[in-house]
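The structure appears below as structure tokens.
The values are calculated or read from the model by the stated rules, or taken from the named source; none is laboratory data. Note that the coordinates shown come from a computational prediction; the quantities given were computed from them, not determined experimentally. Cβ coordinates were reconstructed from backbone atoms using ideal geometry, including for glycine residues, and neighbour counts include every protein chain displayed. We work out accessible area using only protein heavy atoms, side chains counted, and drop any ligands, DNA or RNA first. Shrake-Rupley method; radii C 1.70, N 1.55, O 1.52, S 1.80 Å.
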Amino acid sequence: MMKDKNELNFWKIADDIKRRLFSRLRMKTSQIDYLNYKGYRKKFEDIPDSLIKEWDRLKEEYKDTPHADFNRLKGFLYEILFYYACLKTQTIFLDAELCEFGGVKFEESPPWFECIPLYDVIPNLHYIWEKDEKKRKVPQIKADFLVTYVDDKGPLPPAIIEVKSSRKAIKYKRGELNWQIVATMRLGFIFQVAYPDPNLESTYPRSLKEWEIKTPCSKCGGLNDDFRKCIKCGAEIFPFTIVDARYTLKELMERLGGREGRL
Ligand SMILES: [Zn+2]
């Protein structure tokens, strides 16, 4: 049941790659003089190139290393690009907020938007082995970011987001997605997947406009713009969230109590 040595090697490489991409983003954002507006916007625009360069450097460094499967590892590049796109949006809203403090009048206040990376080395609770296959038996979140958004119309439900390198890469083991959705619903949040706009083809996404963010349905696997109901099969996905008045433990227990899979 122990992961074999090759797999451990893969995770060691994965840790290094993820850490270095996130460190590069941190370094680049730390180097900016935010008082020099033009220079700051230009430097911010240049960050994806620097991340992609770091990615190419890592590929070169690990090219002769067995188990450095870059097809599998490229999820980390997309994670960092998604994070960058979120930070870019956040800076634009913060710029507007600063202008507002400086006396500029907007019809609507600049939204508050925040993307928080989730540390993804997650202990596995209540996994069981069935015919050599490990299966999750309790709700647990395995995702990459927590994204929040509030504007003058009110808050959107906080979204737990898993980043995928493409639409094709969105594959869940049977039941796995259901647990993610239940775990997220318990927090009152919603669960969504983000992947690059398929029209980008060979280029990398550089802003949130170039990302698709969808709510997956655990019944049919359909990807939805709406988080309440699946347009494909009609199933309810998130009937309520923490931003709805109906979010109570009693209601949650009634809705979630009957889900299958408990030990
Ligand atoms: Zn569906």
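Of all residues in the range 56-78, which are surrounded by fewer than 16 Cβ atoms within 10 Å (Cβ to Cβ) and either part of a helix (DSSP H, G or I) or without any contact (Cβ under 8 Å) to a residue 60 or more places away in the chain (or both)? Talk me through it step by step, then tell me what you get.
Filtering the range 56-78 down to residues surrounded by fewer than 16 Cβ atoms within 10 Å (Cβ to Cβ) leaves 56-57, 59-61, 63-66, 69-72.
56, 57, 59, 60, 61, 63, 64, 65, 69, 70, 71, 72 - these are the residues of the range 56-78 that are surrounded by fewer than 16 Cβ atoms within 10 Å (Cβ to Cβ) and either part of a helix (DSSP H, G or I) or without any contact (Cβ under 8 Å) to a residue 60 or more places away in the chain (or both).
Scan the range 232-259 for residues that are in a helix (DSSP H, G or I) and either within 16 Å of the ligand (Cβ to nearest atom) or open to solvent by 50 Å² or more (accessible area, probe 1.4 Å) (or both) and jot them down. Explain how you work it out, then say what you get.
Residues of the range 232-259 in a helix (DSSP H, G or I): 249-256.
Scanning the range 232-259 gives 249, 250, 253, 254, 255.
Out of (1) over 26 Å from residue 254 (Cα atoms); (2) outside any helix (DSSP H, G or I), what's the single condition that is false for residue 161?
Among (1) over 26 Å from residue 254 (Cα atoms); (2) outside any helix (DSSP H, G or I), residue 161 violates only (1).
Identify, by number, the condition in (1) open to solvent by 100 Å² or more (accessible area, probe 1.4 Å); (2) in contact (Cβ under 8 Å) with a residue 24 or more places away in the chain that residue 101 doesn't meet.
(2)
From the list 120, 95, pick out the single residue that is in a helix (DSSP H, G or I) and surrounded by 11 or more Cβ atoms within 10 Å (Cβ to Cβ). I'd like the intermediate steps shown before the answer.
Numbers: 120 fails: in a helix (DSSP H, G or I).
Of 120, 95, the one residue that is in a helix (DSSP H, G or I) and surrounded by 11 or more Cβ atoms within 10 Å (Cβ to Cβ) is 95.
Check whether at least one residue in the range 186-194 is outside any loop (DSSP other than H, G, I, E, B), open to solvent by less than 20 Å² (accessible area, probe 1.4 Å) and more than 16 Å from the ligand (Cβ to nearest atom), and report yes or no.
Here is the first cut: in the range 186-194, the residues outside any loop (DSSP other than H, G, I, E, B) are 186-187, 190-194.
Checking the rest, the ones that are also open to solvent by less than 20 Å² (accessible area, probe 1.4 Å) come to 190-191, 193-194.
Next cut, more than 16 Å from the ligand (Cβ to nearest atom) only: 194.
Yes, some residue in the range 186-194 is outside any loop (DSSP other than H, G, I, E, B), open to solvent by less than 20 Å² (accessible area, probe 1.4 Å) and more than 16 Å from the ligand (Cβ to nearest atom).
Residue 131 versus (1) over 16 Å from residue 160 (Cα atoms); (2) surrounded by fewer than 17 Cβ atoms within 10 Å (Cβ to Cβ); (3) modelled with pLDDT of 90 or more: which is the lone unmet condition?
With (1) over 16 Å from residue 160 (Cα atoms); (2) surrounded by fewer than 17 Cβ atoms within 10 Å (Cβ to Cβ); (3) modelled with pLDDT of 90 or more applied to residue 131, the lone miss is (3).
Looking at the range 159-178, can you tell me whether even one residue there is at positive phi and more than 14 Å from the ligand (Cβ to nearest atom)?
The first filter runs over the range 159-178 and keeps only residues at positive phi, leaving 175.
Then keep just the ones that are more than 14 Å from the ligand (Cβ to nearest atom); that gives 175.
Yes; the residues of the range 159-178 include at least one that is at positive phi and more than 14 Å from the ligand (Cβ to nearest atom).
I'd like to know if the range 216-225 contains one or more residues that are open to solvent by 70 Å² or more (accessible area, probe 1.4 Å) and either at pLDDT 90 or above or over 24 Å from residue 137 (Cβ atoms) (or both). If you could, list the steps in order and put the result at the bottom.
Going through the range 216-225, the residues open to solvent by 70 Å² or more (accessible area, probe 1.4 Å) turn out to be 219, 225.
The next check asks that each one be either at pLDDT 90 or above or over 24 Å from residue 137 (Cβ atoms) (or both); those that pass are 219, 225.
So far as the range 216-225 goes, yes, one or more of its residues are open to solvent by 70 Å² or more (accessible area, probe 1.4 Å) and either at pLDDT 90 or above or over 24 Å from residue 137 (Cβ atoms) (or both).
Out of all the residues in the range 200-208, is one or more open to solvent by less than 70 Å² (accessible area, probe 1.4 Å), within 15 Å of the ligand (Cβ to nearest atom), under 19 Å from the mean Cα position of the chain (by Cα) and closer than 22 Å to residue 113 by Cα? It would help to see each step written out before you state the result.
If we filter the range 200-208 for residues that are open to solvent by less than 70 Å² (accessible area, probe 1.4 Å), which is where we start, we get 200, 204-205, 207-208.
Restricting the remaining residues to those that are within 15 Å of the ligand (Cβ to nearest atom) gives none.
Within the range 200-208, none of the residues are open to solvent by less than 70 Å² (accessible area, probe 1.4 Å), within 15 Å of the ligand (Cβ to nearest atom), under 19 Å from the mean Cα position of the chain (by Cα) and closer than 22 Å to residue 113 by Cα.
Is there any pair with a first residue in the range 168-185 that is assigned to a helix (DSSP H, G or I) and a second that is among the polar types (S, T, N, Q) and loosely packed, with under 15 Cβ neighbours inside 10 Å whose Cβ atoms are under 9 Å apart and which are 6 or more apart or on different chains, and what are they?
From residues that are assigned to a helix (DSSP H, G or I), there are no pairs.
In this structure, is residue 204 touching a residue at least 24 places away in the same chain (Cβ under 8 Å), assigned to a loop (DSSP other than H, G, I, E, B) and under 24 Å from residue 49 (Cβ atoms)? Even if it seems obvious, please write down each step before you answer.
On the way: touching a residue at least 24 places away in the same chain (Cβ under 8 Å): yes; assigned to a loop (DSSP other than H, G, I, E, B): yes; under 24 Å from residue 49 (Cβ atoms): yes.
Yes: the conditions hold for residue 204.
Out of (1) more than 16 Å from the ligand (Cβ to nearest atom); (2) more than 18 Å from the chain's Cα centre (by Cα); (3) under 30 Å from residue 74 (Cα atoms), what's the single condition that is false for residue 219?
(1)
Looking only at the range 177-202, how many residues end up being basic (Lys, Arg) and touching a strand residue (DSSP E or B) at 6+ places or on another chain (Cβ under 7 Å)?
Let us first name the residues in the range 177-202 that are basic (Lys, Arg), namely 186.
Within this subset, residues satisfying the condition of being touching a strand residue (DSSP E or B) at 6+ places or on another chain (Cβ under 7 Å) are none.
Of the residues in the range 177-202, 0 are basic (Lys, Arg) and touching a strand residue (DSSP E or B) at 6+ places or on another chain (Cβ under 7 Å).
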